[in-house]
Every structure is written in C-alpha cells, then in structure tokens.
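Below is one structure, written out as structure tokens, with a few remarks after it.
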Amino acid sequence: TGADHRRTFRGLRGCRVFTAATGRGPAPGVTGRKGLRHAGSSAVRYPWRNQRGRTACLRRGRRNPVRAESQPVDLGHRGQLILEDVQGGKFCRLLGRAHLYEGLSVQDVVFPVRAIALWGVRTFILTNAAGGIGRGLLPGDLMLITDHLNLLGENPLVGTVGDELGDQFPDMSVSYSSELMETAELCASELGVGLKRGVYAAVKGPSYETPAEIRMLSSLGADAVGMSTVPEVIALRQMNRGILGISLITNWAAGLHDGELRHEDVLRVAGRSAQMLARLGIKVIERHLLSGAPGSG
Ligand code: HPA
C-alpha cells in the first residue's frame, strides 16, 4: 500500500529526479560519497529484491549511507540506489531494476518507482537496453521512446492499488513527455550524440525473440524490443509523473542480422554505452529539471 511505501522510504524526501539506468554502473564523477552525504542518517531499507539470489535490501552501510547489497540474478543488473546532488538539486539514481522474467510479480517490479514517486519525485528518466527493429536503429544507437506496446500480458494496475496512487484507468495517450523529449534532443546534440525516436515493445522474455516474432513486432509498429520499462511507465502514469524513456540499442533484433543473439554481447554493448547515457541523463537533469521548468522537480 502507499503507507507501506512511505514508511519504507521515510527520510528520503526531496529527491527530484529518478533514473533507472541500465548498464554496469554510474559514470565516474557522478556518484561518490560526497554525493551521498546528504542522505545523512536516513535509515533506508529497500526490499524490492528478496533473499535467495535476489537480495538487494538498501540499507545504511558503514561507508555509504545508502547502498544496496545485492546479488542480482542477472549480473547485468545491479540493485543499487544512489542519491546525488546535481547543481544543488537532489536526485536519485537506481541502478538495476526488477524484471518480470526474474519471476517477480509486476507489483514487485513497480515497487521502486511507486515508492520513489511517493517521496515526491515528479520526473523520471527510464532507460533500458533494447533490440533494434526499425528506423535504421543500429547497435550503440540511443532511441527516445515516443510510445510503447505492452505485450507483457501484465499490468501493474490490475487488482486494487490504493486510491492514494491515483486513477486506476489512467490515460496513456501521452505517456512520454514531449517537453522532456525536446530537452533530451537538445542535450544530445550538444553532446554530439545521435538520438533517434521510436516505439518500444515490451515482451516478457527471458528468451530472445524468434525472427517471426520480430516480423510480427515490426508489423505492429515496434521500432525496438525489450523486457522492461513498460510496467514502470504505467505505474508512473497512474501517479501522473513526467517520464522520459530512452532505449540503448544493444543489438539487431533476431533475424535482422547474421549470427546468434547472445546475452553477453547485449551486456557488453550496454556497458560500453552506459556512460554516454549517464552523461545525457545528467545534462537533461541540469537543463530541464533544475531550471524550474513547469513540472520539474
Ligand atoms: N530483445 C529483447 N530484449 C532485449 C533485446 C532484444 O533483442 N536486446 C536487449 N534487450
């Protein structure tokens, strides 16, 4: 319930932006003890991954006030919550996320974003790794998510989620903020980084798609395919939060290129481009979210 979320995250109010970055880790200089200091003595437990190989209880450590201890099932996804200061504003970065393919419920998957939204965070930058299907998307490209296809067979708003969280039937016709997309494009061009636009299809995985499935996704209008993000977007739309979604294209989707699709290769490309994505995220935060623009914060 909302009250549970609130209790769990007590003491971390005031964060302005949340990013769920894929990839191996934060960009150098972005995180560190200095950035974490303002977390002060908050006692934070972050039970979105449980014991038995999915441990990631965020709690106060001796060296860092807020740090997850995790042994994620998927080594590509660490469970780590980091609080940082960017130009005087606080922001919160979540490295690693929970996925349906780990056998977690969709409620577990959206727990972190719901909880963080309940602290008062209004704007979320969600990133992911995805296979490129259309629009000339190549491995290493970044794609702004303009819209999505929910092919997960799950929706976090099924059942009851307390009134406190918002409308159970939220409008999804404009889920990704066009203002944030424009800011991201501006920032990307300043950084000399290409940024395409496209539709993201979420499938449950964890097996990759067959070539026939990719042809199907293509005919449905998907430009990229991945196994995440959409549950969080739905949960955040219910809570009326601003969302920027960016896919890092790690591979050609199945059947579009010779050769096998291997998870290690996906992780390698994700790791290589994670810093670029982090730089872009920080720039967007500086430019838009700390500028006092409407809806920022
Ligand atoms: N398919 C699904 N999920 C993915 C892919 C893919 O090709 N690449 C990265 N995540």
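The values are calculated or read from the model by the stated rules, or taken from the named source; none is laboratory data. Fair warning: this is a prediction, and the values are worked out from it, not measured in the lab. Neighbour counts run over all protein chains shown; Cβ positions are idealised from the backbone, glycine included.
Suppose we keep only residues that are closer than 19 Å to E213 by Cβ and more than 17 Å from the chain's Cα centre (by Cα) within the range 104-138. Which one would you say is surrounded by the fewest Cβ atoms within 10 Å (Cβ to Cβ)? Even if it seems obvious, please write down each step before you answer.
From the range 104-138, those closer than 19 Å to E213 by Cβ are 128-135, 137; that's our starting set.
Going one step further and asking which of them are more than 17 Å from the chain's Cα centre (by Cα), we end up with 132-135, 137.
On the way: G132: 25, I133: 27, G134: 18, R135: 14, L137: 22.
Residue satisfying both the conditions and the ranking: R135.
Return a yes/no flag: does the range 167-179 have any residue that is of a type in the set (D, E, K, R), within 16 Å of the ligand (Cβ to nearest atom) and assigned to a helix (DSSP H, G or I). First the steps, then the outcome.
Taking the range 167-179 and keeping what is of a type in the set (D, E, K, R), we get 167, 171, 179.
Those left that are additionally within 16 Å of the ligand (Cβ to nearest atom): none.
For the range 167-179, residues of a type in the set (D, E, K, R), within 16 Å of the ligand (Cβ to nearest atom) and assigned to a helix (DSSP H, G or I): absent.
Going through the range 244-280 one residue at a time, which ones are under 14 Å from the mean Cα position of the chain (by Cα) and either surrounded by fewer than 21 Cβ atoms within 10 Å (Cβ to Cβ) or within 9 Å of the ligand (Cβ to nearest atom) (or both)? Of everything in the range 244-280, those that are under 14 Å from the mean Cα position of the chain (by Cα) and either surrounded by fewer than 21 Cβ atoms within 10 Å (Cβ to Cβ) or within 9 Å of the ligand (Cβ to nearest atom) (or both) turn out to be S247, L248, A270.
No other residue among A222, A188 is outside any loop (DSSP other than H, G, I, E, B) and either crowded, with 17+ Cβ neighbours inside 10 Å or within 16 Å of the ligand (Cβ to nearest atom) (or both) apart from A188. Of the residues making up the range 130-143, not one is away from the ligand (no atom under 15 Å from the Cβ) and either among the hydrophobic types (A, V, I, L, M, F, W, C) or in contact with a Cys (Cβ under 9 Å, 6 or more places away or on another chain) (or both).
Among the residues of the range 102-138, count how many are of a type in the set (D, E) and under 22 Å from G271 (Cα atoms). Don't jump to the end; show me each part of the working.
Filtering the range 102-138 down to residues of a type in the set (D, E) leaves 102, 108.
Okay, now just the ones that are also under 22 Å from G271 (Cα atoms), so 102.
Residues meeting the conditions: 1.
Residues considered: A235, A202. Of these, the only one that is within 20 Å of D171 (Cα to Cα), near the ligand (Cβ under 10 Å from one of its atoms) and within 14 Å of the chain's Cα centre (by Cα) is A202.
Only residues that are among the β-branched types (V, I, T) and surrounded by 14 or more Cβ atoms within 10 Å (Cβ to Cβ) were counted in the range 167-185, giving 1.
In the range 103-131, the residues that are within 25 Å of S178 (Cβ to Cβ) and in a loop (DSSP other than H, G, I, E, B) reach residues that are at pLDDT 80 or above and not hydroxyl-bearing (S, T, Y) with C-beta atoms within less than 9 angstrom, at least six apart or across chains, in these pairs: V121/V113; V121/R241; R122/N240; R122/R241; R122/G242.
Residue-level check: of (1) out of contact with any helix residue (DSSP H, G or I) (no Cβ under 9 Å at 6 or more places or on another chain); (2) farther than 20 Å from L100 by Cα, M276 misses just (1).
Scan the range 209-219 for residues that are part of a loop (DSSP other than H, G, I, E, B) and polar (S, T, N, Q) and jot them down.
Narrowing the range 209-219 to residues part of a loop (DSSP other than H, G, I, E, B): 209-210.
Residue satisfying the conditions is T210 alone.
Of the residues T210, T229, only one is modelled with pLDDT of 95 or more, within 16 Å of the ligand (Cβ to nearest atom) and under 16 Å from the mean Cα position of the chain (by Cα); which? Of the residues listed, the single one that is modelled with pLDDT of 95 or more, within 16 Å of the ligand (Cβ to nearest atom) and under 16 Å from the mean Cα position of the chain (by Cα) is T229. Per the listing T160, T127, T146, the residue uniquely at pLDDT below 95, more than 14 Å from the ligand (Cβ to nearest atom) and hydroxyl-bearing (S, T, Y) is T160.
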